Amino acid sequence: MTKPLVAIRSASRAFGEFQALKNVSLDVWPGEVLCLIGASGSGKTTLLRCINQLTVIDSGGIWLDGEMLGVREEGGKLRRLSEREIARQRLKTGMVFQRFNLFPHKTALENITEGPVQVQGRDPGEARAEAIELLRRVRLATKADSYPSQLSGGQQQRVAIARALAMKPMLMLFDEPTSALDPELVGEVLAVMKELAESGMTMMVVTHELGFAREVADRVVYMDHGAIVESGRAADVLGAPCEARTQAFLAAVI
């Protein structure tokens, strides 16, 4: 392992006077599961959105698979990429949001095949076969013809995970994927994510599920006020944090 899959260097982002990210630097290695924890407004979601280029950083740089995101150096200057070029880069990541964002007029199967067929131009038959396999993988093989309104929140989120995987990303981004779910439905989504982690998928997960982070994460990063306060092995950060701010956060949530 000679280079990180994700390399973030001195990334900053402000929304008006609010500094959402402050000089953040972070590496994520191939096959690693990294969990981001911290209070609401600490910058976790903004960081994921910058990696997925839904939000543009003000300064610094982000590289994915060795390619700088959003810009290209030409003649000693950085040029902003076109929307088409950014869309091509974005295909390397799959993002699962708090809300499921499924197409309500399409079945689970159709939601999953939409991207591969319409965006990637893949063969519909091939995309359908892969979608059926993905539904099996997320334990929804019998729900292929069900519409979102016929599915529970946990089932919809699992379809959303399958939809992201259908694009064959090299990096999966999860933004508090269980926060909108009823407590009894959280476990079924976390189980799918655990199996995905065990398969070797590189994952960045914003989560308040500290039990999941403790069990599945290779590394945990605690963020506060837009900055990384502490980073290390899950057992160390969650079990014996060094920083007083991390200790206070964990004492308040555990």
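The values are calculated or read from the model by the stated rules, or taken from the named source; none is laboratory data. Just so it is clear, the model here is predicted, and its values are computed rather than measured. Note that each Cβ is placed from the backbone with ideal geometry, even for glycine, and that neighbours are counted across all protein chains shown. When the accessible area is computed, the model is the full protein with side chains, heavy atoms only, and any ligands, DNA or RNA have been set aside. Shrake-Rupley method; radii C 1.70, N 1.55, O 1.52, S 1.80 Å.
Counting only helices (runs of 4 or more DSSP H) that sit completely within region 164-254, those holding 1 or more residues that are aromatic (Phe, Trp, Tyr) correspond to 210-216, 244-253.
Mind checking whether some residue in region 103-113 is of a type outside the set (Gly, Ala, Ser), over 24 Å from Arg90 (Cα atoms) and modelled with pLDDT of 95 or more? Yes, the conditions are met somewhere in region 103-113.
Here Val24 passes the criteria (1) assigned to a strand (DSSP E or B); (2) modelled with pLDDT of 95 or more; (3) within 30 Å of Arg122 (Cα to Cα) except the one numbered (3). For region 1-20, filtering for residues that are part of a strand (DSSP E or B) and within 30 Å of Glu198 (Cα to Cα) leaves 5.
Within region 159-214, the set of residues being among the basic types (Lys, Arg) and under 16 Å from Gly38 (Cα atoms) comprises just one member, Arg214. Number of residues in region 110-158 that are open to solvent by 60 Å² or more (accessible area, probe 1.4 Å), assigned to a helix (DSSP H, G or I) and polar (S, T, N, Q): the value is 4.
Checked against (1) crowded, with 20+ Cβ neighbours inside 10 Å; (2) of a type in the set (S, T, N, Q); (3) assigned to a strand (DSSP E or B), Ser42 passes all but a single condition, namely (3).
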